[in-house]
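A quick write-up on the structure given underneath.
Read-outs: derived from the displayed coordinates by stated rules, not from any lab. Computed from a predicted structure; not experimentally measured. Here the Cβ positions follow ideal geometry from the backbone for every residue, glycine too, while neighbour counts run over all protein chains shown.
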Amino acid sequence: MNTNANQPTKNDEKNFLVKEVVARHQHSKGALIPVLHEIQERYGYLPVEIQEKVAKEMNISQAEVFGVISFYSHFATKPAGKYRISVCMGTACYVKGAGSVLDKLKEKLHVKVGQTTEDGAFTLEECRCLGCCGLAPVLTVNGKVYGRLTIEDVDTILESYKNDGGIA
Ligand code: FES
């Protein structure tokens, strides 16, 4: 006898999540982006199965859903890495060289913004002002703040997480 017959499956959970989010947004204009945003917030990323369900629930093509996801670097189709590196691109950080820090991270990790490294260790993201502009330029790793960054700090920070210890 299957005692789990009434237990919701992962697929049921995904269906429920998509239906519930779409139902709340369906009467607003341009609902697709907020729908995808909320599902990603709650599920973590937007795999193909979720994209299919969103398209079905919203009565639009899967190509349309995928088009929006691939246009905005904020949307992820794979789970985030173990460490989420988020570089602040707010004005103060940008003026103090956040762009060079971001470029160095892209080069070292071989990813673009919104992507995760092959080994699943790092996801690279951009964010807006973190509210600590006095430390600009700033990045966070899983929420931990690193400020007054130089390009050279990128190597040190990455090495510390590759060794799994993090910087004290
Ligand atoms: S602009 Fe980066 S912390 Fe404010």
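Data for the structure
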quantity	calculated
Choice from A92, A63, A121 with maximal GNM fluctuation in the chain (Cα, 10 Å cutoff)	A63
Estimated inter-spin distance, Y72 and E107, nm [label 7 Å along Cα→Cβ]	3.1 nm
Cleavage-rule hits (trypsin sites (Lys or Arg not before Pro)) in segment 1-83: DSSP loop, at most 16 neighbouring Cβ within 10 angstrom	K29, K82
Estimated translational D of segment 83-162 in µm²/s (Stokes, Kirkwood radius over Cα pairs; 20 °C; 1.002 mPa s)	176 µm²/s
Folded to 0 to 90 degrees: helix 98-109 orientation relative to the chain principal axis, Cα	70 degrees
Extension reserve of the T150-H27 stretch, reckoned as 0.36 nm per residue once the Cα distance is removed	39.6 nm
Unpaired by the 4.7 Å Cβ criterion, cysteines found in the chain	C127, C129, C132, C133
Computed [θ] at 222 nm, helices only, for the chain once each DSSP H run of length n ≥ 4 contributes -39500 (n - 2.57)	-14000 deg cm²/dmol
Length gained when the stretch N11-C127 is fully extended (0.36 nm per residue, less Cα-Cα span)	38.6 nm
Where labels lie 7 Å past Cα in the beta-carbon direction, separation of S160 and R84 in nm	2.0 nm
Surface/4 of the Cα convex hull for segment 35-168, nm²	8.6 nm²
Between 0 and 90°, nearest 10: helix 32-43 axis offset from the chain longest Cα axis	80 degrees
Taking segment 10-71 and dividing mean pair separation by its residue count, relative contact order in percent (alpha carbons under 8 Å, at least six apart)	33 percent
